[in-house]
Amino acid sequence: MSGEIMRTFLFTACFATFLTVFSSSMLNVALPSIMEHFHVSQAVAAWIVSAYLVLYATLMPVAGILSDRWGKKRIFVIGMMLFALGTAMASISNSFSYLVLARSVQGTGAAAVFPAGASMIRENFAGKSGKALSLLSASASAGLLLGPPLSGYLLEITDYRGLFILTLPLAVITLFTAVVCLSNTSVKHETKPTALKDTESRPFYKEATYIAVIIVVVCQNFIARGLGIMMPLQLIRDFHLSTSQTGSLAMGFPLALLLASPLGGYLTDKKGYRIPVTAGSVILMIALALLSLKMFSATITLMALFVVMGVGFGLTISPLTVGSMENASEKDSAKASSFFGLARQLGGASGAAITPLIEGDNIVVYRYLAVLQLLALIIFIALSRDKNSS
């Protein structure tokens, strides 16, 4: 694959990931208007978000298995086709049930994008997969974090259908680019000796390193989603800031994450994944521990520590992705990345659901999250091994 095609391929995979994750959160701020438009309750309206997220998370392992069996480009393209189809259906929706159906089609297609894309990046960027995967992971983070604010601005000039109308041409362009330039890998092309070797080798999901990575991913996404809920509430409730002020201040966390992510990828390519994961986890744990102290509760101090936490998360994103795929054979790489993606979604969903239930003020919550991060770090250090050291 030539350098130009490789760059186009990387941009396509990253932008497809951004679009699918962006779509998972873009309707959050549109729920009130959708409730009014269709005359449904909040619990019913939530299905347009839940339908997407449930299918996106649960079908990701299935997409990984199909990618390894039938070819990654094929599954990636089918996924983008379904995502574009669901987007087109949603843009012309005239009933709530039809909108839920459209979102279900969207979520089904989106489930195929990350595992197939991550696996193809691993195969086509030998020696530079850490840096490339850092861009893919940063694209996913950007989509999640920018979904609500960008859709909020767009809803000032259009309705919920406009969000899908604006997304549709981007999905079609990404689909076309995928068809043209993405390379295909299928187990049908593997030689018999390779297949025998893969059969005799230990399954990736039984490797201690893979288990350690999954534990860290679940814990860190639990923490990230929990912070995503706690930070805005603290700024509004305790410091009496407006929603616009809160949004501006809270942007320090995702910006630091996005800026630190390429550094994590660079360190992974040079030193292996264990060093940046350990360093990022230590930074995150220290920041959470400081937040649990009342002496660090001033607004400026909170913002500085949120930025530090963003750096900690950013350093671990790409290394964890690489670590999840390092012990998987080429034919199982999409499967490994799909279970990694599922763990990320489950951790985030658990954090969003459980963190608000913790009794006590924010200091207590930060203390629990710091302990959780410490436990994850201990398990990671005890179980993980770089491939070249085992």
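The values are calculated or read from the model by the stated rules, or taken from the named source; none is laboratory data. Remember, predicted model here, so these are calculated numbers, not experimental data. Every residue, glycine among them, receives a Cβ derived from its backbone with ideal geometry; neighbour counts consider all protein chains shown.
Here are ILE157, ILE78: which of them is assigned by TED's automatic domain parsing to the domain that holds GLU36, farther than 27 Å from VAL322 by Cα, surrounded by fewer than 24 Cβ atoms within 10 Å (Cβ to Cβ) and among the aliphatic types (A, V, I, L, M)? Reasoning before the result, please.
Details: ILE78 fails: farther than 27 Å from VAL322 by Cα.
Every option except ILE157 fails the conditions.
Identify, from the list LEU53, LEU66, LEU101, the residue that is surrounded by 19 or more Cβ atoms within 10 Å (Cβ to Cβ) and either closer than 30 Å to TYR266 by Cα or not aromatic (Phe, Trp, Tyr) (or both).
Values: LEU53 fails: surrounded by 19 or more Cβ atoms within 10 Å (Cβ to Cβ); LEU101 fails: surrounded by 19 or more Cβ atoms within 10 Å (Cβ to Cβ).
Answer to the selection: LEU66.
Working carefully through the options SER50, SER41, SER23, SER33, find the one that is outside the structural domain of PHE339 (by TED's automatic domain parsing), under 23 Å from ALA132 (Cα atoms) and not acidic (Asp, Glu). Step through it out loud before you land on a result.
Values: SER50 fails: under 23 Å from ALA132 (Cα atoms); SER41 fails: under 23 Å from ALA132 (Cα atoms); SER33 fails: under 23 Å from ALA132 (Cα atoms).
Result: SER23 is the single residue among SER50, SER41, SER23, SER33 that is outside the structural domain of PHE339 (by TED's automatic domain parsing), under 23 Å from ALA132 (Cα atoms) and not acidic (Asp, Glu).
Mind checking which residues of region 1-41 are closer than 20 Å to ALA57 by Cβ and at pLDDT 85 or above?
Correct list: ALA13, ALA16, THR17, PHE18, LEU19, THR20, VAL21, PHE22, SER23.
May I ask you to verify whether GLY109 is modelled with pLDDT under 85 and of a type outside the set (S, T, N, Q)? If you could, list the steps in order and put the result at the bottom.
Details: modelled with pLDDT under 85: no; of a type outside the set (S, T, N, Q): yes.
In short, no.
How many residues does region 124-154 contain that are farther than 26 Å from GLN220 by Cβ and modelled with pLDDT under 80?
Just the residues of region 124-154 that are farther than 26 Å from GLN220 by Cβ, to begin with: 124, 126-127, 152-154.
Filter once more, so that each one left must be modelled with pLDDT under 80: 124, 126-127, 152-153.
Of the residues in that region, 5 qualify.
I need a count of the residues in region 32-52 that are more than 29 Å from the chain's Cα centre (by Cα) and closer than 14 Å to LEU101 by Cβ.
Adding up the residues that qualify gives 1.
Is at least one residue of region 17-24 aliphatic (A, V, I, L, M) and surrounded by fewer than 18 Cβ atoms within 10 Å (Cβ to Cβ)? Before the answer, list the steps.
The first filter runs over region 17-24 and keeps only residues aliphatic (A, V, I, L, M), leaving 19, 21.
Checking which are surrounded by fewer than 18 Cβ atoms within 10 Å (Cβ to Cβ) leaves us with none.
Checked against the condition, which is being aliphatic (A, V, I, L, M) and surrounded by fewer than 18 Cβ atoms within 10 Å (Cβ to Cβ), region 17-24 yields no hits at all.
May I ask you to say which residue of GLY143, GLY147, GLY130, GLY152 is in contact (Cβ under 8 Å) with a residue 40 or more places away in the chain, surrounded by fewer than 17 Cβ atoms within 10 Å (Cβ to Cβ) and either assigned to a helix (DSSP H, G or I) or assigned by TED's automatic domain parsing to the domain that holds THR268 (or both)?
Numbers: GLY143 fails: surrounded by fewer than 17 Cβ atoms within 10 Å (Cβ to Cβ); GLY147 fails: surrounded by fewer than 17 Cβ atoms within 10 Å (Cβ to Cβ); GLY130 fails: surrounded by fewer than 17 Cβ atoms within 10 Å (Cβ to Cβ).
Result: GLY152 is the single residue among GLY143, GLY147, GLY130, GLY152 that is in contact (Cβ under 8 Å) with a residue 40 or more places away in the chain, surrounded by fewer than 17 Cβ atoms within 10 Å (Cβ to Cβ) and either assigned to a helix (DSSP H, G or I) or assigned by TED's automatic domain parsing to the domain that holds THR268 (or both).
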